[in-house]
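The values are calculated or read from the model by the stated rules, or taken from the named source; none is laboratory data. Only a predicted model underlies this, so the values are computations on that prediction, with no experimental measurement involved. In this analysis, Cβ positions are derived from the backbone assuming ideal geometry, glycine residues included, and neighbour counts consider all displayed protein chains.
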Amino acid sequence: MRIGIFILLASLSSAPALAASTAKPGPSQTDYMFQCGATFIINAHALQDGPKSAKARAQAQAYESRFNKLAAMAEASFEENRMSKSEARTYLQKHVDTMSAIFAKDPDSMKRFVTLCDARFPEKQ
């Protein structure tokens with residue numbers, strides 16, 4: 001009886017570890033790349049549309065570069081899961097549209113997302 005309970009407990013406790021080790025990362029697990037990529041490109045365009053100082057232009061270029069890096073990472077993630085770059089770009093565009101709508105309704109949320117994404121994907125990696 002004790003051995004049966006022990007085996008049951010051991011098998012139940014190892015099931016999540018087995019499931020986690022066999023799960024393949026997919027696009028739904030990489031949404032942060034898309035959300036932050038969308039945030040970076042939206043911020044780059046906002047900086048380009050704002051004051052035309054040298055600092056603003058440099059920041060806009062930096063955010064556009066960071067967007068390009070995340071877009072490449074996202075495309076690679078899709079390709080690992082046998083999906084095309086085109087599907088990754090479409091998925092990214094959906095995030096840009098969604099994030100634009102969010103930022104239009106709540107402009108302060110853009111600052112929060114930029115701060116979060118700056119921390120998650122620092123400029124110098």
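Would you confirm whether or not region 105-114 contains a residue that is surrounded by 14 or more Cβ atoms within 10 Å (Cβ to Cβ), without any contact (Cβ under 8 Å) to a residue 40 or more places away in the chain, of a type in the set (Val, Ile, Thr) and in a helix (DSSP H, G or I)?
Of all residues in region 105-114, those surrounded by 14 or more Cβ atoms within 10 Å (Cβ to Cβ) come to 109-110, 113-114.
From what is left, the residues that are without any contact (Cβ under 8 Å) to a residue 40 or more places away in the chain are 109.
From what is left, the residues that are of a type in the set (Val, Ile, Thr) are none.
No - not one qualifying residue is present in region 105-114.
Enumerate the pairs (first residue in region 72-95 and closer than 19 Å to Thr39 by Cα and touching a residue at least 40 places away in the same chain (Cβ under 8 Å); second residue anywhere and surrounded by fewer than 18 Cβ atoms within 10 Å (Cβ to Cβ) and of a type in the set (D, E, K, R)) with beta-carbon separation below 7 Å, excluding pairs fewer than 6 apart on the same chain, so at least 6 apart or on different chains.
Listed pairs, sorted by first residue: none to list.
Of all residues in region 55-71, how many are in contact with a helix residue (DSSP H, G or I) (Cβ under 6 Å, 6 or more places away or on another chain) and not small (Gly, Ala, Ser)?
So the first thing to find is which residues in region 55-71 are in contact with a helix residue (DSSP H, G or I) (Cβ under 6 Å, 6 or more places away or on another chain), and the list is 56, 59-60, 63-64, 66-67, 70-71.
Checking the rest, the ones that are also not small (Gly, Ala, Ser) come to 59, 63-64, 66-67, 70.
Going through region 55-71 one residue at a time, the tally reaches 6.
How do the helices (runs of 4 or more DSSP H) wholly within region 1-99 filter down when requiring 2 or more residues that are of a type in the set (Lys, Arg), at pLDDT 90 or above and surrounded by 13 or more Cβ atoms within 10 Å (Cβ to Cβ): which remain?
Working: elements: 2-22, 31-49, 54-80.
Once the helices (runs of 4 or more DSSP H) in region 1-99 are filtered for at least 2 residues that are of a type in the set (Lys, Arg), at pLDDT 90 or above and surrounded by 13 or more Cβ atoms within 10 Å (Cβ to Cβ), what remains is 54-80.
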